[in-house]
Structure formats: C-alpha cells, structure tokens
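Heads up: the structure comes next, in structure tokens.
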Amino acid sequence: MTGKQLIMNLNTTNKSTPNSEYNSMTNLQNWDGDIIDCHIHPFSSPETRLCPHGQPNCAKELFSELKRAGITRCCGTMIRRMENPEWADIRGLNDEAVALSRLYPEYIPGINVHPAYPDESCRELERLNKEENLYWVGELVAYMMNHRYSDPGMKFVFEQAQYLGMTVNFHDNNDLEEIASFCNDFPRLQLVMAHPRDGADYLARCELMKKYPNLHLDLSGTGLFRWGMLRHGIDIAGAEHFLFGTDFPICNPGMYVAGVKFEPLTIDEQRMIFADNFKRLAVITP
Ligand SMILES: [Zn+2]
C-alpha cells in the first residue's frame with residue numbers, strides 16, 4: 001500500500017459508521033442547565049480534608065470551586081478514617097453535614113450509617129428523613145469506617161432505607177456477586193455503585209445494571225478517562241442508570257464536567273446524567 005492509499009483509507013469512515021451519523025454526533029449541543037454532583041466529601045477542618053494538595057482550605061473554598069467548575073448543587077458524606085468508631089462519631093459526621101447545609105444550601109447532606117450500630121443507624125435514617133427530608137445515604141466507604149457491607153447489621157440498614165424510599169451510594173469492592181445479592185434481596189432499594197473503573201470491570205458493571213433496574217453508577221473517582229465509555233455504557237444499560245459525580249476535593253471537578261460534555265450524548269441524556277437521575281433518586285424537587 002502506498003502512503004497516499006494509506007491516508008485515503010484512514011480518512012474514509014467505516015461503512016458501519018456513515019459520515020452523516022458521525023457528524024450528527026459531533027454536532028451535539030452541550031447541556032447548560034443544573035449540574036448536580038452526587039459524590040463529594042465536605043470537611044470541617046483542613047485536617048479532615050481528603051486531599052493532600054493544600055486546597056480547598058475551608059468549606060467556602062470547597063463550594064466556590066465547585067461553582068467555578070459549573071456545578072450548581074452537590075451531595076455527599078463527611079468521611080473520616082476510623083478504626084473502631086463509636087456511634088457518636090458516626091452521628092457527629094451527620095450533624096456536621098446538616099450544619100454545613102444550613103450555611104450552604106447548594107449542599108445536600110449524604111447520610112452516614114454503620115452496620116456495627118444497626119438500631120442507631122435505622123433510627124438515624126428515619127430522623128434525617130423526617131426532620132431534614134433527606135433520601136440519600138452515602139457515599140458509604142466501608143474500608144475507611146472499618147466495616148463490610150456483608151456485616152449482619154447492614155441488612156437492617158438496607159431494609160430501613162428501602163422502607164423509607166431512600167437511595168444508598170456505596171464504594172463497593174468490585175464483588176459483583178455481592179452487589180447482585182443486594183439487588184435481589186432489596187429489589188425496591190435504589191443502589192448506586194461509586195466509581196466506574198474501566199475496561200472489563202466497567203463493562204461488567206454496565207451488564208449488571210442492564211439486569212437490575214435498581215442498580216446505578218456514579219461517575220466519580222476513576223471517571224471517564226477511557227474514550228467513549230459513557231456512550232457505550234448508556235447503549236448497554238440506559239441513561240437512567242448513570243449519575244454525575246466527582247469525589248471532590250479528592251479529584252478535579254472540572255475534568256468530570258468536561259468528560260461528560262465531550263461524550264457523544266444527546267441533550268436529554270446529558271440532562272438525565274447531570275441532574276434528573278439524581279433528583280429522582282434523592283427525591284429533590286424542583
Ligand atoms: Zn468518595
């Protein structure tokens with residue numbers, strides 16, 4: 001093959017992807033409405049910030065940086081590494097989160113629970129649901145709070161969350177059998193896996209969401225660094241399963257906004273991922 005022929009071949013689109021289809025994908029509009037980040041970790045002092053790079057220094061900086069990235073609202077738990085937490089430690093994180101939401105109304109607290117304290121956790125879900133109208137649990141991070149999702153107490157917490165119509169966002173261990181068992185055991189509980197991962201792990205997560213209508217995925221952490229993965233995942237499982245999230249201040253929120261906007265998605269798909277799916281699962285109106 002001559003160099004000229006090679007260039008001609010490279011510039012010719014595959015017959016299965018007609019030019020018109022490719023052009024219509026690249027001419028897509030960008031979503032310019034609400035962008036809700038379902039996965040952040042606010043903090044009350046620089047010592048409890050989950051980021052070693054010196055910023056943001058305070059809650060005011062945290063929320064102004066999210067705004068600078070185009071993020072209009074956000075949700076998530078206060079997280080701290082705890083060896084053997086008392087219930088008062090867990091409850092304290094929730095109290096801090098609620099107090100922060102009074103100062104920054106764009107922040108929706110994510111609820112912390114712990115399977116070592118099933119009764120307290122169940123009462124806490126009911127309290128925060130009734131008093132604060134909260135429906136979002138997590139992100140739960142088992143390895144930081146020193147528990148496992150398979151701990152016996154978690155069954156009661158999931159039952160209570162299901163009863164109250166709540167959603168549980170959790171950092172799973174990529175144990176898809178365990179995740180499937182939660183979907184089967186609690187079919188009316190909305191579950192959100194944190195972090196897409198990539199390659200075969202990501203594709204397996206998409207196939208699992210195709211099977212379970214109550215299973216979802218937030219795009220935080222490992223994010224969308226593999227090209228086309230969100231478009232492909234939506235084609236497998238449907239756009240209703242994906243939620244926008246960043247893991248700020250651990251990760252750069254601007255990358256995640258740009259990552260979703262640069263995927264070939266329709267405006268309706270962008271609206272679902274940036275805002276509507278979260279509003280539905282966290283029972284937010286408008
Ligand atoms: Zn996180």
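Please treat every number below as a calculation from the coordinates, not as lab data. This structure is a prediction, so every number in the text was calculated from the model and none was measured. So basically every Cβ, Gly included, is an ideal-geometry build from the backbone, and we count neighbours across all protein chains shown.
Odds and ends about this structure:
- Student exercise, the stretch 151-241 dipole from Lys, Arg, Asp, Glu Cβ charges, in Debye to nearest 20: 280
- For the stretch 128-286, diffusion coefficient by Stokes-Einstein and Kirkwood Rh (Cα), 10 °C, 1.306 mPa s, µm²/s: 99
- Working from Cα pairs under 8 Å separated by at least six residues, relative contact order for the chain is 20 percent.
- For the chain, lysine pairs with C-alpha atoms less than 28 angstrom apart, excluding pairs fewer than eight positions apart on the same chain, total 17.
- What you get for the chain, charging only the Cβ of Lys and Arg (+1) and of Asp and Glu (-1), is a dipole of about 820 debye around the Cα centre.
- Computed from the Cα positions only, the extents of the chain along the three principal axes stand at 72, 41, 35 Å, in decreasing order.
- Helix-only mean residue ellipticity at 222 nm for the chain, each DSSP H run of n ≥ 4 adding -39500 (n - 2.57), per residue, nearest 500: -13000 deg cm²/dmol
- Options 153, 259, 41, ranked by Cα towards positive dipole end of the chain, top entry (Cβ charges): 259
- The stretch 146-204 - percent relative contact order, Cα under 8 Å, separation 6 or more: 36
- Exposed chymotrypsin sites (Phe, Trp or Tyr not before Pro) absent: longest stretch of the chain, with sites in DSSP loops and at most 15 other Cβ within 10 Å deemed exposed: 1-224
- Candidates 236, 108, 40, ranked by Gaussian network fluctuation over the chain, Cα under 10 Å, top entry: 236
- Kyte-Doolittle mean at least -1.0, axial Cα span of 24 Å or more - DSSP H helices of the chain: 87-103
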